[in-house]
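First comes the structure, then the notes that go with it.
Read-outs throughout are calculated quantities, based only on the coordinates presented, and are distinct from any laboratory measurement. Just so it is clear, the structure is predicted and the values come from calculations on it, not from any experiment. Cβ: placed from backbone, ideal geometry, glycine included. Neighbour counts: every protein chain shown.
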Amino acid sequence: MTPAARAQAAIGILDSILSGAAAEQALTGWARRSRFAGSKDRAAVRDHVFDILRTRRTCAARGGAMTGRGLMLGALRLADVDPDTVFCSAPYAPAPLSEAERDGGRAPVDGAESLDLPEWLWPLWQDRLGDRAEDAAIALKKRAPVHLRVNLLKSDPDQARESLLQDGVTVQAHPAARTALLVLEGARRIRASRAYMSGLVELQDAASQAVVEALPLRDGMRVLDFCAGGGGKTLALAAQARLELFAHDAAPRRMRDLPERARRAGADVTILETSELARTGPFDLVLCDAPCSGSGSWRRAPEGKWSLTPEKLAGLCETQRAILKQAANLVSPGGTLAYATCSVLTDENAGQIDLFLEGTPGWRKVSDVSWMVSDGTDGFYMAHLTRVFTGT
Ligand SMILES: C[S@@+](CC[C@H](N)C(=O)[O-])C[C@H]1O[C@@H](n2cnc3c(N)ncnc32)[C@H](O)[C@@H]1O
């Protein structure tokens, strides 16, 4: 595909997303209908779509319209590419610009628009993040770096780095966690690399790794990953110590790939249904990687930034409160309840912990820590709470 044909494909996909389609589904649907597109074409179209979603308001302002064409036009103007080289009469290219399109477009207004946040969120964002509000919003406009986790059950950082290098993937250690590697070159070769296929490394943001590394884990502990999802943190837990490890999720289908991923990683994990939790507990440590706005990971999933509403945020906070309450009942006396989100909003983080401690006697906070998206990882929060030993 020519660059212009890739742009036209991205315009169609953006139009579907603006009409309500999920980005991944719109991309997959296009790829299925476009057998002629090679892997480089698919990657380039995907990059267009996600780059534009991260900076949607700026692109719309520059391009003069919140449409696929407007967004692409704005993105080209933003990147200092002459739009007439893309919107032209070549086969499969977007149709040439109209006079109105040529004359349209403006600089984004300072504040929510130029920072690419929804208008309603910006005051709340400033209130919660204070002097870090602008840096965090700016960081979310850029592509996320690619991080790998070295699976200590099968490898060590030096061996993993060497193996990746042989397959054209260059990495360097990331300071957030001892297992974390930052990919410098060859990100598109990772999935075909021997290190990835044989389970020496997993794709995982460095802050997610740091969350697990900070847990007070010892050999022999019974540990429950209460919101396991695809199992990213479950597998990281398995590599930290010899644990009796359990995974649970309210939506069990989200864990469907976990048995195969665990096998590849050499990890031993027992999956629990909700009905099995009480009789299998209590656990020495329960990790709640709670569902959240994802505001710390909007670089990877920029759609979330535009679909969040005050009502959805309130609903998420309610779910988080319910999860903390439910998970707390599964922790043994003297044990640890670890609560984490990939959000940078205090409502979902320290605010939840304060509410929990106010309403639940017998618990105290041991520590809490935040990772900021402007510091080179996803934005994350984690608190460790302990159940005060009552002697009963
Ligand atoms: C942030 S994701 C977990 C990501 C996962 N830990 C990982 O590292 O890949 C949150 C998960 O919580 C699950 N969830 C939502 N409500 C829940 C509840 N009440 N109890 C347990 N899990 C819940 C969701 O299905 C979702 O998979």
* Under 15 Å from the Cβ of Asp257, count the other residues' Cβ atoms, weight Lys and Arg +1, Asp and Glu -1, and hand me the total. => +4
* Whole-number D in µm²/s for the range 131-207 (Stokes-Einstein; Kirkwood sum over Cα pairs; 25 °C, 0.890 mPa s) -> 190
* Per the Kirkwood definition applied to all pairs of different Cα atoms, how many angstroms is the hydrodynamic radius of the range 28-74? -> 11.3
* Asked: In percent, how large is the relative contact order of the range 210-387, given Cα pairs closer than 8 Å and 6 or more residues apart?
  -> 20
* Structure fact -> Neighbour-count ranking for Ser367, Ser295 (other C-beta within 10 angstrom, fewest to most) reads Ser367, Ser295
* Asked: Going down the list Lys141/Lys233; Lys233/Lys325; Lys40/Lys312; Lys141/Lys325; Lys142/Lys365; Lys233/Lys365, which pairs span over 31 Å between their C-alpha atoms?
  -> Lys40/Lys312; Lys141/Lys325; Lys142/Lys365
* Given charges of +1 on the Cβ of Lys and Arg and -1 on the Cβ of Asp and Glu, with all other atoms neutral, how large is the dipole of the range 210-387 about its Cα centre, in debye to the nearest 20? -> 280
* Structure fact -> So the FRET efficiency between Asp268 and Gln326, C-beta based with R0 = 25 Å and rounded to 0.05, is 0.50
* Provide the convex hull volume over Cα atoms per residue for the range 3-108, in Å³. => 90
* Asked: Stretched out fully, how many nm does the piece from Leu355 to Thr85 gain, at 0.36 nm a residue minus the Cα gap?
  -> 91.6 nm
* Asked: Give or take rounding to whole Å, what are the principal axis extents of the alpha carbon atoms in the range 210-387, in descending order?
  -> 40, 40, 31
* Any idea what the relative contact order of the range 3-108 is, in percent, if you count C-alpha pairs under 8 Å spaced at least 6 apart? -> 32
* Cleavage-rule hits (trypsin sites (Lys or Arg not before Pro)) in the range 1-80: DSSP loop, at most 14 neighbouring Cβ within 10 angstrom -> Arg35
* Asked: Over all pairs of distinct alpha carbons, what does the Kirkwood formula give as the hydrodynamic radius of the range 93-146, in Å?
  -> 13.5
* To do: Give the Debye-formula value of log10 I(q)/I(0) at each listed q (0.10 Å⁻¹), with one equal scatterer per alpha carbon of the chain, two decimals each.
  => -0.73
* Asked: Which length gain, in nm to one decimal place, applies between Asp368 and Ala100 when the Cα-Cα distance is subtracted from 0.36 nm times their residue separation?
  -> 91.2 nm
* Return Phe87, Phe50, Phe380 ranked ascending by Cβ neighbour count within 10 Å, so the fewest neighbours appear first. => Phe50, Phe87, Phe380
* Once every Cα of the range 46-102 carries one equal point scatterer and solvent is ignored, give the base-10 log of I(q)/I(0) from the Debye formula at q = 0.13, 0.14 Å⁻¹, two decimals. => -0.28, -0.32
* Asked: Along the charge dipole of the chain, Cβ charges K/R +1 and D/E -1, which of Thr67, Ala26, Pro302 sits furthest on the positive end?
  -> Ala26
* To do: State which helices in the chain qualify, where a helix is a whole DSSP H run, it must extend 18 Å or more along its own axis by its Cα atoms, and its mean Kyte-Doolittle hydropathy must be at least -1.0.
  => 3-18, 39-54, 310-328
* For the range 184-261, what is the convex hull volume of the alpha-carbon atoms per residue, in Å³? -> 108
* Structure fact -> Per-residue ellipticity at 222 nm attributable to helices in the chain (runs of n ≥ 4 DSSP H, -39500 (n - 2.57) apiece, nearest 500 deg cm²/dmol) works out to -11500 deg cm²/dmol
* Going toward the positive end of the dipole of the chain, with +1 on Lys and Arg Cβ and -1 on Asp and Glu Cβ, which of Leu237, Ala136, Ala214 do you reach last? -> Leu237
* To do: Assign unit charges at the C-beta atoms only (+1 for Lys and Arg, -1 for Asp and Glu), then state the dipole size of the chain relative to its Cα centre in Debye, rounded to the nearest 20.
  => 1080
* Charge dipole (debye, nearest 20) of the range 3-108; +1 at Cβ of Lys and Arg, -1 at Cβ of Asp and Glu -> 380
